[in-house]
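Trainee: Input: one structure, supplied below.
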Amino acid sequence: MKSAYQILRKPVITEKGLSVKETENTLVFEVNAKATKTEVKEAVQKIFKVKVDSVRTANFVGKERRRGKFAGYRPDWKKAYVRLKSGEKMPEYAQNL
């Protein structure tokens, strides 16, 4: 099994990600594409020392991007919505925005 830091790549700090964090007690992360929901749950519990209620994931296919006549593809990636149990303290990872 991979370490918790290999499973969770980075938090998704967008307008939607921050609003979900405030209103629905949910954290949003970019995770390893091969990580399962159980691995994501255990990684969040280990790193942030909180109890996780549920995990939802979404796979995103990389788009084609062009620079003039040159074309390439963005990489495929996976997003995880991690809902914390009620009463859990929300970790702060986006404080100075």
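Trainee: For segment 59-73, state whether one or more residues are under 21 Å from PRO91 (Cα atoms), out of contact with any His (no Cβ under 9 Å at 6 or more places or on another chain), assigned to a strand (DSSP E or B) and at pLDDT 95 or above.
Mentor: Within segment 59-73, not a single residue is under 21 Å from PRO91 (Cα atoms), out of contact with any His (no Cβ under 9 Å at 6 or more places or on another chain), assigned to a strand (DSSP E or B) and at pLDDT 95 or above.
Trainee: Answer with yes or no whether GLN6 is surrounded by 15 or more Cβ atoms within 10 Å (Cβ to Cβ), polar (S, T, N, Q) and not in a strand (DSSP E or B).
Mentor: The answer is no for GLN6.
Trainee: If MET90 meets every condition in (1) under 16 Å from ARG9 (Cβ atoms); (2) touching a Lys or Arg at 6+ places or on another chain (Cβ under 9 Å) apart from one, which number is that one?
Mentor: Exception for MET90: condition (1).
Trainee: If you don't mind, there's one more thing I want to ask. Only one of these conditions is not met by VAL20: (1) β-branched (Val, Ile, Thr); (2) in contact with a helix residue (DSSP H, G or I) (Cβ under 8 Å, 6 or more places away or on another chain); (3) within 18 Å of MET90 (Cα to Cα); (4) not in a loop (DSSP other than H, G, I, E, B). Which number is it?
Mentor: All conditions pass for VAL20, except number (2).
Trainee: Let me ask you something else. Name the residues in segment 46-56 that are modelled with pLDDT of 95 or more and either surrounded by 15 or more Cβ atoms within 10 Å (Cβ to Cβ) or more than 19 Å from the chain's Cα centre (by Cα) (or both), would you?
Mentor: Hits for segment 46-56 are VAL52, VAL55.
The values are calculated or read from the model by the stated rules, or taken from the named source; none is laboratory data. Owing to the predicted nature of the structure, the values given are computational and were not obtained by experimental measurement. Glycine gets a Cβ as well: all are built from the backbone with ideal geometry, and neighbour counts include every protein chain shown.
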